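Written out below as structure tokens is the structure these notes cover.
The values are calculated or read from the model by the stated rules, or taken from the named source; none is laboratory data. Please read all numbers here as calculations on a predicted model, not as lab measurements. Quick reminder, even Gly has a Cβ in these numbers, built from the backbone with ideal geometry, and neighbours come from all protein chains shown.
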Amino acid sequence: MSRVLVACVGNLFLGDDGFGPEVARALLERGGAPDVEVRDFGIRAMDLWFALEKTERAVVVDVVRRGAAPGTLFVLEPEAGDSSMETLHPHDATAAHVLRWAADQRAKGGCPRALRLVGCEAESFGDDEGRLGLSEPVTRALERAADLVLEVARELGGSA
């Protein structure tokens, strides 16, 4: 089985945007899994970029907005698009930009060669001042999400 990076992203101070870091915490509390490296990138999109360009297989964990009920989980294969990171200023980079860049690299035969997004439908990011803590539906989805992330990581790692 190949090593798989589980890259969790999000901002703990913006309500459900903290989903990724909370999944990372849940996975790390379990003690990890063989051949899976769990990292909490928080809002450090450039660190995520550098990690993905050196990684063969990755699962990114983040919130999504797809119109489903809050707490709904998705496994998505990011699609390549117009995401030239060469023209993006590092201070403007977001996890979404980096994910599009990674999908572009994969489409061109670069790293990561296998990439999935495990996303959770958000309910709220708080008001103008944000909010600490996840909404109830997203909190209820955490353990299922951790299980799903490990399942997807095992699938990607086994496809070496």
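Here are a few things to note about the model shown:
Let's see how each residue does on (1) modelled with pLDDT under 90; (2) closer than 21 Å to ASN11 by Cβ:
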residue: ARG66; (1), (2): no, yes
residue: GLU79; (1), (2): yes, no
residue: SER84; (1), (2): yes, no
residue: ALA95; (1), (2): yes, yes
residue: TRP101; (1), (2): yes, yes
residue: GLY109; (1), (2): yes, no
residue: GLU121; (1), (2): no, yes
residue: GLY157; (1), (2): yes, no
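- Scope segment 1-35; condition farther than 19 Å from LEU76 by Cα, touching a Lys or Arg at 6+ places or on another chain (Cβ under 9 Å), modelled with pLDDT of 90 or more and hydrophobic (A, V, I, L, M, F, W, C); matching residues: PHE13, LEU14
- Residue ID - farthest from the chain's Cα centre (by Cα), chosen from residues in segment 127-155 that are in a loop (DSSP other than H, G, I, E, B) and buried (at least 17 other Cβ atoms within 10 Å of the Cβ): SER135
- Boolean, PHE13 is among the aromatic types (Phe, Trp, Tyr) and more than 21 Å from GLU143 (Cβ to Cβ): yes
- Applying a threshold of 7 Å to beta carbon distances and a minimum spacing of six or more residues, or different chains, the list of pairs starting in segment 6-30 at a residue that is at negative phi and ending at one that is of a type in the set (D, E, K, R) and in a helix (DSSP H, G or I) reads ASN11/ASP17; ALA26/GLU143.
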